[in-house]
Amino acid sequence: MGLDLNKAAGTYFKADHLMDGPIRGPIDRIEEQEIKDNRSGKLDVKFVLFITGDPRGLPLNVTNKDTLINAFGSKEEQMIGKVVELQRGTVQHAGAYFGNPCVRVVVPQEEE
């Protein structure tokens, strides 16, 4: 049995981490972190979501941030302990889907 490099932890969740299916758990915390933008090389402050029991974070893009706000409200304390699911998705921009995989935050119906 060989190594599966997709299972390497890393610092942040990537779509490849979800090849075997979604990850579900309660929100542990949300932090502000400086993250280097891959395109520009500049540091950018992002909100990073952490799931209880997993050391990796998910830098929140606008879509995922809006999903959380619409489900729970805009304050971190409203989100802590709420169950979310991280799913492998496809990048969407201006109504069009692109082939690039991404991580999507989904709120299970029982948490809404």
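All of the numbers you see were taken from the coordinates with simple rules; none came from a lab. The shown structure was predicted, so the numbers you read here are calculated from the model rather than taken from an experiment. So basically every Cβ, Gly included, is an ideal-geometry build from the backbone, and we count neighbours across all protein chains shown.
Could you give each residue of the range 25-32 its phi-based ³J(HN,Hα) in whole Hz, using Karplus coefficients 6.51, -1.76, 1.60 with θ = phi - 60°, and x for Gly or Pro?
x, x, 6, 8, 6, 10, 10, 8
Sort the range 17-62 into rounded, prolate or oblate with this rule: let a ≥ b ≥ c be the square roots of the eigenvalues of the Cα gyration tensor; rounded if a/c is under 1.5, and if a/c is not under 1.5, prolate when a/b is larger than b/c, oblate otherwise.
Because a/c hits 1.5 or more and a/b fails to exceed b/c, the range 17-62 counts as oblate.
How far apart, in nm, are the 7 Å Cα→Cβ label points at residue 52 and residue 109?
Distance between the two pseudo-spin positions: 2.4 nm.
Using the crude model of +1 on Lys and Arg Cβ and -1 on Asp and Glu Cβ, and no other charge, please compute the dipole size for the range 11-112 relative to its Cα centre, in debye to 20.
Value, rounded to 20: 360 debye.
Please compute the Cα-Cα pair-distance distribution of the range 11-111 with 5 Å bins starting at 0, giving whole percents from short to long.
It works out to 2, 12, 22, 26, 21, 12, 4, 0, in whole percents.
Find how much the distance from residue 61 to residue 35 grows on full extension, using 0.36 nm per residue of separation minus their present alpha carbon separation; answer in nm with one decimal.
The span from residue 61 to residue 35 would gain 8.1 nm if fully extended.
7 Å from Cα along Cα→Cβ at both residue 42 and residue 77: what's the point-to-point distance in nm?
3.4
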